[in-house]
1. For the range 298-311, in order, what is each residue's ³J(HN,Hα) by Karplus, 6.51 cos²θ - 1.76 cosθ + 1.60 with θ = phi - 60°, in whole Hz (x at glycine and Pro)?
2. Tell me which residues come under 5 Å, amide H to amide H, from SER160 once H is placed; ignore anything under 5 positions away on its chain.
3. Using bins 10 angstrom wide from zero, how does P(r) for the range 23-86 break down, in % of all Cα pairs?
4. For the chain, build the charge dipole from Cβ charges (+1 Lys, Arg; -1 Asp, Glu) around the Cα centre, then report which of VAL137, PHE38, ALA250 sits farthest towards its positive end.
5. Which helices, counted as full DSSP H runs in the chain, have an axial Cα extent of no less than 18 Å and a Kyte-Doolittle average of 0.5 or above?
6. From largest accessible area down, sort MET317, MET271; use a 1.4 Å probe on the protein chains.
7. Roughly to the nearest percent, how much of the accessible area of the range 1-157 is carbon and sulfur, given a 1.4 Å probe?
8. What is the sum of charges, Lys and Arg at +1 and Asp and Glu at -1, for the other residues whose Cβ falls under 10 Å from the Cβ of GLN58?
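The values are calculated or read from the model by the stated rules, or taken from the named source; none is laboratory data. All values derive from a computational prediction rather than experimental measurement. Every residue, glycine as well, gets a Cβ built from its backbone with ideal geometry; the counts of neighbours run over all protein chains shown. What goes into the accessible areas is simple: the full protein's heavy atoms, side chains included, and nothing from ligands, DNA or RNA. Shrake-Rupley method; radii C 1.70, N 1.55, O 1.52, S 1.80 Å.
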Amino acid sequence: MNSRSPDTAAARASQALQRAWLTRGPLAITLLPVAALFGLVAALRRLSFRLGIRRSEQLPVPVVVVGNLVAGGAGKTPTVLALVDALRARGWQPGVISRGHGRAAATVLNVESDTPADQCGDEPLLLRLRARVPVVVGRDRVAAGRELLRLHPGVNVIVSDDGLQHLRLARDAQLIVFDERGAGNGWLLPAGPLREPLAAQPPARSVVLYNAAAPTTPWPGSTARRSLAGAVALTGWWQGWPATHEALQALAGRRVVAAAGTARPQRFFDMLRAAGIDATPLALPDHHDYAALPWPADTADVIVTEKDAVKLDPNRMGKARVWVAPLDFALAAALVNEIAALLPPPPARNDHGQPTA
């Protein structure tokens with residue numbers, strides 16, 4: 001596959017649409033009638049829950065939903081990873097539920113470390129490998145949560161990867177993630193990036209995180225900075241080896257292809273450039289399946305995100321040396337305190353790690 005492949009063309013089209021979402025230009029204006037219909041359907045759905053026509057279901061343990069109002073990758077998955085680490089450090093035993101974007105099946109599935117990404121979704125597999133907690137996927141988040149608790153009874157708090165608009169799932173807290181785009185042009189999909197209107201204040205029981213240098217909407221919230229944690233060979237990444245800055249810096253001056261099948265690949269390319277790596281960018285569609293290798297056959301070094309790595313078998317990389325560049329990302333203590341204040345205290349555990357009566 002080469003740089004003129006249909007996949008790369010699809011990635012360029014997706015990026016063009018995201019650029020259109022930043023302004024109220026001709027393309028966005030053309031899509032306004034569809035956005036109005038989208039907004040009407042979403043409003044009627046929310047009303048049905050407020051009137052009790054449809055009901056949210058409470059799971060037996062606390063639930064924290066991590067989601068975003070904007071489409072197109074605001075940094076939700078690294079936020080989930082960081083939140084799981086923070087909750088575990090405070091005495092919780094977290095588990096994760098997710099829709100599993102890109103799966104063909106609608107059934108609930110328990111994700112193992114060797115589950116193929118095309119069966120569970122790339123982000124759930126990454127969460128399972130990196131967070132080392134139970135992960136269950138399913139379109140019905142309530143059913144996924146119940147299956148998670150059935151299979152993993154030690155879990156005492158559930159983090160929902162996405163699901164902000166999945167109103168049937170009751171939640172104790174919401175962590176709403178924005179990036180440097182904020183609310184974009186302020187219009188609903190597909191004329192703008194918003195999945196729901198931006199209200200004057202955040203919803204109840206919500207905490208706001210900006211994966212940006214400063215807040216990008218009127219909502220109060222914490223900011224976070226992301227950088228690369230280093231690099232590690234793909235084979236080592238699958239074996240759990242840590243990334244190092246020495247391995248990343250060793251790529252400086254080499255002819256490197258940077259491949260990213262994410263919603264906002266330019267963010268990855270910019271971080272590489274900031275780290276002194278002058279790589280040839282290869283932007284791929286979000287959730288690219290890597291059924292065929294997208295870089296030229298004579299490529300010597302390739303660097304990818306962890307979301308890409310979960311779909312790459314080290315045994316079929318040919319002559320290319322493939323490197324993985326994980327993110328260095330953690331939540332501020334103040335933000336974690338805000339979320340903890342919305343949850344009950346974690347259950348006490350005895351010396352053997354078992355819940356006390």
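1. With coefficients 6.51, -1.76 and 1.60, one gets 8, 5, 8, 10, 10, 10, 9, 7, 5, 4, 6, 4, 5, 10 Hz.
2. Those lying under 5 Å, H to H, from SER160 are VAL64, VAL65, VAL66, ILE97.
3. 15, 26, 34, 21, 3
4. Checked the options; the winner is PHE38.
5. Span-like helices in the chain: 32-50, 76-89.
6. Accessible-area ranking of MET317, MET271, largest first: MET271, MET317.
7. Percent of accessible area from carbon and sulfur atoms in the range 1-157: 58.
8. Overall, the nearby charge balance is 0.
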